[in-house]
Amino acid sequence: MSEFSVVGKRVPKVDARAKVTGRALYADDIYIPGMLYGRIVRCWEYAHAKVKKIDVSEAKNMPGVVKILLPEDTSGYPSYNSGTMDMFASDELNATWGELGEQVIFTDHVKHQGDAICGIVAKSEEQAERAVEKIRVDYEPLPVYLTAEESKQPDAVPFHPDKPNNMAYKVPGVIFPEGYYGYGDVDKGLDEADLVYDETFYVPKQKQCQMEPHCYIALFDDKNRLNVWTSTQMPKPVHNKLSRIFGLPMTQVKVNQTVIGGAFGGRLGLVGEPATCAMAMAVPGRPIKVNYTREEDWVASESRNPGFWKLKMGFKKDGTPVAYDANFTTLKGGYYTHAGVVFVSGILARAHYKFENWRYDGASYFTNQAPCGAFRGYGNPQQSFAMEQLIQRMCNETGIDPVEWHMKWHRDIGEDIYGFGVPIQSCGAKEALQKGAEAFKWKEKRKKYANQTGVKRRGIGMMLGVHASAGFPVLLEHTVATVKLNEDATAVVNCSISDLGCGNHTAITQIAAETLGFPMEDVFLLAGDSDANAFDIGAHSSRTIWTAGLAVKEACEDAVRQILEKAAKFLKVDPKDLEMKDKKIFVKDNPAQVVDLADMLWKGIYAFMDPETFQFPFERGQIIGKGDFMPFANNPAWYACFVEAEVDMETGAWKLIDCCYVNDIGKAIHPPSVEGQLEGGIQQGIGYALTEEIYYDANGLCLNNNFTDYKMLGPSDMPRCDIHLLETPEPYGPYGGRGAGEGGLIGPVAAAANAISDAAGVQITEGPITPEKILKAIKEKGR
Amino acid sequence: MKTRFITLYVDGEEYKLDVPVNRTLLQVLRYDLGKMAPALTGTKLGCGTGECGACTVLDEDRNSILSCLTLAVLMDGKKISTIASLEKDGELHPVQQAFVDKGAIQCGYCTPGMVMKSVSLLERNPDVTEEEIRAELEGNICRCTGYVKIVEAVEQARDQMKAQAGK
């Protein structure tokens, strides 16, 4: 019997019916009378080039062409950082990474294949496409840099005036005067270690592959307002950014968030909004839709930071972790976007285990590939792929059971796991490991698969993981929410929080209903309207339940407080003596003394004076509760993931058998949504480890910008998924809930890698772990 | 571009239209019919190259087809069923209801295609096994769910449709 009436219930998702009938409106489903269609002319031939000349003479005479926007037509708009990094962090922190605003709407310096050259507006999508074909661009090809080594040569073409050696970002410097992020004496630790492992891992470039391609509509209307329809993850930062780029006050910019067809970080910050708005500003009064093709989506929105993770770890013979020394060099792609991933990767690595000494450094270099930035997991999958494989190597050598090692050495309650003075207040790591090992039958399988021979061999792998519940204390965490009580005792929650499809809007509605004591159907969440909604940084960093959940809860608690105060005045008692249940407010000791909530709210709004007494029956006024929330804790969900795989020793082909995933969610506000995110995370996480990478040819041109050549796990490739949600006590999160979004992807990465290496007897340090690499390693070992 | 007059019977409605011969069925459903009736934007464009299945609709024989790879003119005189045809008098189709019940919907963009593919599958093979469901759904990509709840939903719909048929 749950203590909650709405929270934790498996209610249908608030958006399920609209989506299952096809009636949910995504950006491309919206048609506005008078609509025109924009296309962005992109450079497909080169990954690095200067634009010498754009000849539009033929294109401008093509049927239906309304407007062609050249770089000079948009050069008056300030450059910007598409990742909106500058809005996540304080001015002091911003100062450490320097000027980020390097992105322009249309460029004459092509930094990656697909960079935007100019724009065309036409009466139909097809006419716009045909006109694009008639644009003639003369390019001067520049040397193509596909590695950090090439990009940082002294004579390399600079990508950014403020970034010497094409280094987009470097961890130490101002934040860490000692020159690195960490603690202790790592060199001494490594000297004193009995076992030292030194390895360089390559972590691949993964694409979000959200199913809805990017699509935008913009209209500069007759009230001089710039209206934008976008499925951005962060409508409020986009609202402010567009207002600054186009020199309009925020009241003159309206962001309408459309239903989001998947995001996974790919809609973080600005993507196609500036170009679409520039077209709208050039053709006032006409709505303009810019619908990306899949191949455009592939090259023009950010992907996961790939790179080389150099890792040295020292242990005592008994497994005591004494030293961790890592350096992550990432290939940034053409633009800065979220170069800070390289830093966050180190923070999240540190959060895991009690190493006695710790040192982390990292840097991002501009290269001529599509930009890399936010992708579910934000640096954590990369570090996990490296660290968990070396832990497995140590366990194999020492004979220590990996589950026991993780049980013993994970960080715990009271520890400042991120290194910024914020100790965690809860930790379910042990419970997750225990539950997972039991459900997966770890010990039995470990014994059974210990000494296999034959062609097909089974193997098991596991990992322990931890991810943040929000961006605090590194990034801005702020959400403002209000709840307005209607005169019929229903409520409208007003909060800008996004639902990327994960069920956030359902869970937030549940939190509000629970707090107000209302049935779920009496609560409506108004989101995605930048005029109505107050500030919220947006959906990222697994923060929605943690921060927006608590903001909405605070707003609803404020409303309940106002209800009780109003009723107390009427009943002439102390609010402390009152209780509300089923929309009735009564005196605890004397339930006969009761006020009907609907009656009180009605008479607060339709407030007629008694003609004889000249008194209002209830205090006049509509109740609006407010929550203005910033968290001062970040208690993460710990998760343990176990994978069983089979490898064919003759071909290197693998098959996934089982995946047991235990997540210490604290409290699953909407359990199907949490399960669904973990199950989807398995598809993405195992994909990252085993199949997914964007490949480029020697000229920096993408070789697999489609769903045939870029292999994601299909329904038949998936292992059996066994999901367990743990609900260990959580003192801070709303109703005990923690963040769930990103962890789903991270666990399966290393667990799958370890299962493959356990089966095949070889460890593959270069992701993705394809059959070819496995076979090569098996053959090399056999030699 | 050359055009041709064609007649389409979409979700039980007759549409007579003049379409360019290079126009896909998907474009006609999503954008052109909107000028004559409520647009049928339930059918989604995910890739435009027949790789993701978001545009899946049913042909006259209730086989699933990819509307993004089907030229509209080739469907002249044919019946087509989209996601909009499934709900009857406010009642969801058992497949739709199962997707809602199981929480098989996250971002929802693959959902209409996934539902139509499943409807076609269950009509052809009422006893479909889990393994067959997985194999049949290979052409419909979902990036949110890992297919777990989708497969469960199709199994629930299968059982329910069989129970209904048995009555």
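We did not get these values from a lab; they are worked out from the coordinates using the rules stated. From a predicted model like this one, the values you see are computed outputs, not experimental measurements. Here the Cβ positions follow ideal geometry from the backbone for every residue, glycine too, while neighbour counts run over all protein chains shown.
Take the Cα of residue A:183, step 7 Å toward its Cβ, do the same at residue B:69, and the gap between the two points is 5.7 nm.
Sorted on the mean count of surrounding Cβ atoms within 10 Å across their residues, most packed first, peptides A:251-259, A:733-741 read A:733-741, A:251-259. I need the phi-derived Karplus couplings for the stretch B:65-72: 6.51 cos²θ - 1.76 cosθ + 1.60, θ = phi - 60°, integer Hz, Gly and Pro marked x. So the Karplus estimates, Gly and Pro as x, are 10, 8, 5, 6, 10, 9, 6, 4 Hz. Take each residue in B:111-118, count the other chain C-beta atoms within 10 Å of its C-beta, and the mean is 3.
Within straight-line reach of residue A:134, meaning a Cα separation under 18 Å, sit the following lysines at least 8 residues removed in sequence or on another chain: A:52, A:53, A:60, A:67, A:123. Packing order of peptides B:152-164, A:138-150, A:462-474, highest average first: A:462-474, B:152-164, A:138-150 (average count of other Cβ atoms within 10 Å over each peptide's residues). For chain A, relative contact order (Cα pairs under 8 Å, six or more residues apart, normalised by length) works out to 15 percent. The ranking of A:776, B:16 from fewest to most other beta carbons within 10 Å of each one's beta carbon is B:16, A:776.
Note down the net charge around residue A:241, summing +1 for each Lys or Arg and -1 for each Asp or Glu among other residues with Cβ under 15 Å from its Cβ. Local charge sum for residue A:241: 0.
Which translational diffusion coefficient, to the nearest whole µm²/s, is obtained for the stretch A:534-688 from the Stokes-Einstein equation, given a Kirkwood hydrodynamic radius over C-alpha pairs, 10 °C and 1.306 mPa s? It diffuses with D of about 78 µm²/s by this estimate. Counts of other chain beta carbons within 10 angstrom of each beta carbon in peptide A:124-133 average 1.
Shape annotation for the protein assembly as shown: C-alpha extents along the principal axes are 95, 81, 67 Å, from largest to smallest. Separation of the alpha carbons by more than 18 angstrom is noted, of A:316/A:354; A:254/A:289; A:354/A:435; A:207/A:332; A:205/A:711; A:188/A:408, for A:354/A:435; A:188/A:408.
Stretched out straight at 0.36 nm per residue, the stretch from residue A:221 to residue A:408 would grow longer than its current Cα-Cα span by 61.1 nm. The calculated FRET efficiency for the pair residue B:14 and residue A:55, based on their C-beta separation and a Förster distance of 45 Å, comes to about 0.45. Label separation (residue A:572 vs residue A:632): 4.1 nm, computed from points 7 Å beyond Cα along the C-beta direction. From most to least packed by mean Cβ count within 10 Å, the peptides A:512-521, A:667-676 give A:667-676, A:512-521. As a proxy for reagent exposure, ranking B:118, B:81, A:301 by other Cβ atoms within 10 Å from fewest up yields B:81, A:301, B:118.
For residue B:112, the shell of other residues with beta-carbons less than 10 Å away shows a net charge of +4, using +1 for Lys and Arg and -1 for Asp and Glu. How many angstrom separate the Cα center of the stretch B:24-76 from the Cα center of the stretch A:731-783? The stretch B:24-76 and the stretch A:731-783 have Cα centres spaced 39 Å from each other. Based on alpha-carbon atoms, the Kirkwood radius and the radius of gyration of the stretch A:637-694 give Rg/Rh equal to 1.07.
Rounded to the nearest Hz, the phi-derived 3J(HN,Hα) couplings of the stretch A:413-427 under the Karplus curve 6.51 cos²θ - 1.76 cosθ + 1.60 (θ = phi - 60°) are 3, x, 8, 7, 5, 8, x, 10, x, 10, x, 7, 9, 8, 6, where x marks glycine and proline. Using the Cβ-Cβ distance between residue A:709 and residue A:772 with R0 = 22 Å, the FRET efficiency computed as 1/(1 + (r/R0)^6) comes to roughly 0.90. Label sites at residue A:32 and residue A:196, each approximated as a point 7 angstrom past Cα along Cα to Cβ, lie 6.3 nm apart. Between residue A:698 and residue A:450, the C-beta separation translates, for a Förster distance of 60 Å, into a calculated FRET efficiency of about 0.85.
Count Lys and Arg as plus one, Asp and Glu as minus one, and take only other residues whose Cβ is under 12 Å from that of residue A:187; the net charge is then -1.
Paramagnetic label reach from residue A:134 (point 7 Å along Cα→Cβ; backbone nitrogen cut-off under 16 Å): within the stretch A:57-75, residues A:57-69. A straight Cα-to-Cα reach below 24 Å connects residue A:569 with the lysines A:484, A:581, A:583, A:584, A:588, A:603, A:626, residues fewer than 8 places away in its own chain not being considered. Averaging the Cα positions of each part gives two centres, and for the stretch A:653-676 and the stretch A:101-164 these lie 41 Å apart. Full extension of the chain between residue A:79 and residue A:153 gives 24.0 nm of extra length, using 0.36 nm per residue less the Cα-Cα distance. About the centre of its Cα atoms, the protein assembly as shown shows a dipole size close to 900 debye [charges on the beta carbon of Lys, Arg (+1) and Asp, Glu (-1) only; nearest 20 debye]. Averaged over the residues of peptide B:44-55, the number of Cβ atoms from other protein chains lying within 10 Å of each residue's Cβ is 6. Going by neighbour counts of Cβ atoms within 10 Å, the residues A:716, B:120, A:498 line up, fewest first, as A:716, B:120, A:498.
For residue A:168, the amide hydrogen comes within under 5 Å of the amide hydrogens of A:364, A:365, A:366, counting only partners 5 or more places away or on other chains and with H modelled in the peptide plane.
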